Each structure stands twice: as structure tokens, then as C-alpha cells.
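The block underneath contains the structure these notes are about, expressed in C-alpha cells.
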Amino acid sequence: MKNRKIELLAQNFRPDEIDEIGRLLFKRYNSHFLTGTETHFTLSPRKCAAALVDECIDKNQMDKLIELIVSLDDQTILGRQVRIEGLEEFLNSLAHTGMVYDFRKRRLVKLRKDLDLQANWGSLNEGKRYAITIMSLDVAGNSAMVSRYGNKVMEKVYFHLRKFIEDRINRYDGRIWNFAGDGGIAAFTFRGHQDRSVLCAFEIQRSLPVFHLQTDSPLKEPLALRIGLDTGKIKFLNQTGNIVSEVINYASHLEKQNTPAGGVSISGSLYNEVSPRIASVFECAGDFEGRGAYCMPNRLDLL
């Protein structure tokens with residue numbers, strides 16, 4: 001984590017700004033003095049960042065430094081407005097060490113529940129926009145299944161189905177934002193979220209026969225899922241069920257209206273961002289709601 005802190009500072013702040021951050025934490029802070037460098041020499045951002053991080057470690061002020069960096073996001077320092085790139089990924093890495101930044105209290109706190117259960121990964125801030133890939137999925141032919149087996153039986157099946165799906169989504173660092181009955185919405189963010197979301201969709205479809213083989217399943221037939229995905233900027237809310245987004249709407253419509261049972265469909269936006277190897281699995285499905293769409297029919301045996 002030490003190197004991550006140094007990189008976060010070095011990539012987002014100039015040497016004079018790093019010194020200013022140091023002065024907000026320590027009186028008479030001076031990176032030239034700490035590094036033994038004469039004042040007429042220019043220090044690199046990384047050397048300044050390393051000096052400040054080392055000083056905070058020595059003086060047991062690392063938490064204060066992190067809290068100060070987060071508070072400077074979208075704020076002005078020495079006359080320049082700063083947008084801290086990579087902040088969310090850094091906070092996500094920090095959360096895996098057991099500490100999360102509470103945006104309401106504006107301080108670091110110990111993680112009080114399983115990180116896999118946090119819809120914001122312990123790092124997304126209420127009201128801010130992030131690049132996110134949305135997965136919409138549901139059971140094809142749900143009404144017919146309910147008619148054959150009844151509500152109580154299907155409610156039990158869908159309870160176990162959610163746990164089965166959630167386990168796979170968590171493996172790809174995704175989060176379920178909404179799940180009701182036979183389907184729901186999952187989200188993926190941070191580096192590589194486009195590829196991870198599609199690979200997760202493939203794994204869910206490919207592993208569904210394992211779910212069917214569970215000995216306590218009352219079904220005499222396999223379930224078939226449809227999955228649709230889209231990617232774009234989304235305004236995050238802690239109450240994820242209240243998030244309104246064209247990305248969510250498009251993924252949901254694509255899944256329900258333009259995806260065959262057992263298939264995976266992605267928007268043209270997502271198709272353009274996934275790796276060429278993943279993109280090669282899909283075929284153009286033409287125009288859908290004014291945008292290009294791509295579909296991988298039920299042909300996972302070819303993967």
C-alpha cells in the first residue's frame with residue numbers, strides 16, 4: 001500500500017502542491033530538507049510524494065494524509081482545481097486491508113461488514129459519476145415456470161439462484177445492486193471492468209448446469225437465463241435501487257427484448273471497449289434502440 005500512496009500523490013499533484021499538503025499536516029514541512037536536497041534543485045513529484053509518505057509513516061499520520069487527499073478531490077490547491085485520478089481504485093485497495101473512507105464522516109473507519117456486501121465497494125462516493133458496466137439478467141419463461149411449479153417452489157429456487165449467481169459475480173469483483181425474484185442488476189467498476197463483466201456473464205451461463213444438478217432442486221427442467229450488458233458513466237447513490245441511468249435501462253431492455261434464452265448480449269459501447277478476443281465471440285445483432293448491439297447466442301460450448 002505504501003507504493004500505491006506514493007503513486008496516487010505523484011500522479012495527481014505537482015511538487016509544490018505536495019509540499020503544501022505536507023504543510024497542512026506538519027508545521028514548516030519542507031521536502032527539500034527531508035530529502036537532503038538543496039533548494040535550487042527541482043524535486044520530481046515521485047520523490048516529493050515518497051518523502052511525504054515516509055514522514056507520515058514516521059509520525060503516525062498516514063490516516064490523516066489519506067483523509068486529506070480524499071478531501072482535496074474536486075477542490076482547489078494553490079490555485080488549481082484537482083480531480084484525483086485513480087482515487088476510487090486506491091480506496092478499494094485500502095478497503096481490502098480493513099479500512100474504508102466514510103464520506104459522511106469524512107474520515108477513515110474500520111470496515112464493519114464484509115466488503116463483498118458493500119454496493120459501493122467501500123470507495124464510491126454518493127452523488128459522483130463513475131465509469132460502470134451494468135449487467136441485467138433474468139430467467140426466461142418465468143411466468144410459465146411459476147404456473148407449473150407454483151410461487152412457493154419458485155421463490156425457493158430463486159433464493160438459491162441468487163446466491164449461486166452472486167458468488168460468481170463476487171469472483172469478478174462485481175456487486176448486485178438489485179435482485180427481485182427471477183432476476184436483477186449487477187454492477188462492475190474499476191480497471192478492466194468491461195472485460196470482467198462479460199467474462200462473468202459467460203461463467204454464469206456456462207456454470208448454470210451445475211445449479212441444475214443440485215440434489216435439492218424441485219425442478220424437472222433446466223432454467224434458462226438471458227443476460228444483457230451496457231457500459232457508461234453512472235451517478236452513484238448508496239441506495240442503489242434509486243439509481244436512474246440510461247446505462248441500466250439499456251442493459252435491461254437489451255436483455256429482455258433482444259437476447260435469446262441462454263445468450264449474452266452487449267451494447268456497441270461495451271463491444272468497443274472489451275478486448276479483441278472477447279469481442280470475437282459476439283456477432284452483430286443490428287440496431288437496438290438507436291444503438292448497435294452484439295449478441296452471443298447459446299453457443300458457450302464453442303468457448
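Observations
- Each Lys or Arg adds one and each Asp or Glu subtracts one; over the other residues with Cβ under 14 Å from the Cβ of Ile57, this totals +1.
- Helix screen, the chain: DSSP H segments with Cα axial length of 15 Å or more and mean Kyte-Doolittle hydropathy at least -0.5 are 15-25, 45-58, 193-212.
- For the residue pairs Lys163/Lys220; Lys163/Lys256; Lys27/Lys110; Lys27/Lys233; Lys47/Lys235; Lys59/Lys235, the alpha carbons lie more than 30 Å apart in Lys27/Lys233; Lys47/Lys235; Lys59/Lys235.
- Fraction of beta bridges assigned by DSSP in the range 160-303 that are antiparallel (%, nearest 5): 80
- Partner aspartates and glutamates for Lys105 [C-alpha distance under 19 Å; skip if fewer than 8 residues away on the same chain]: Asp63, Glu67, Asp73, Asp74, Glu88, Glu126
- Values of log10 I(q)/I(0), in the order q = 0.15 Å⁻¹, for the range 129-302 under a Debye, Cα-only, solvent-free model: -0.80
- With the highest mean first, a sort of the peptides 98-107, 118-127 on other beta-carbon atoms found within 10 angstrom per residue produces 118-127, 98-107.
Throughout, read-outs are computed from the coordinates displayed, never taken from laboratory work. Because the structure is a prediction, the values reported are computed rather than measured. All Cβ positions, even for glycine, are placed from backbone atoms using ideal geometry, and neighbour counts span all protein chains on display.
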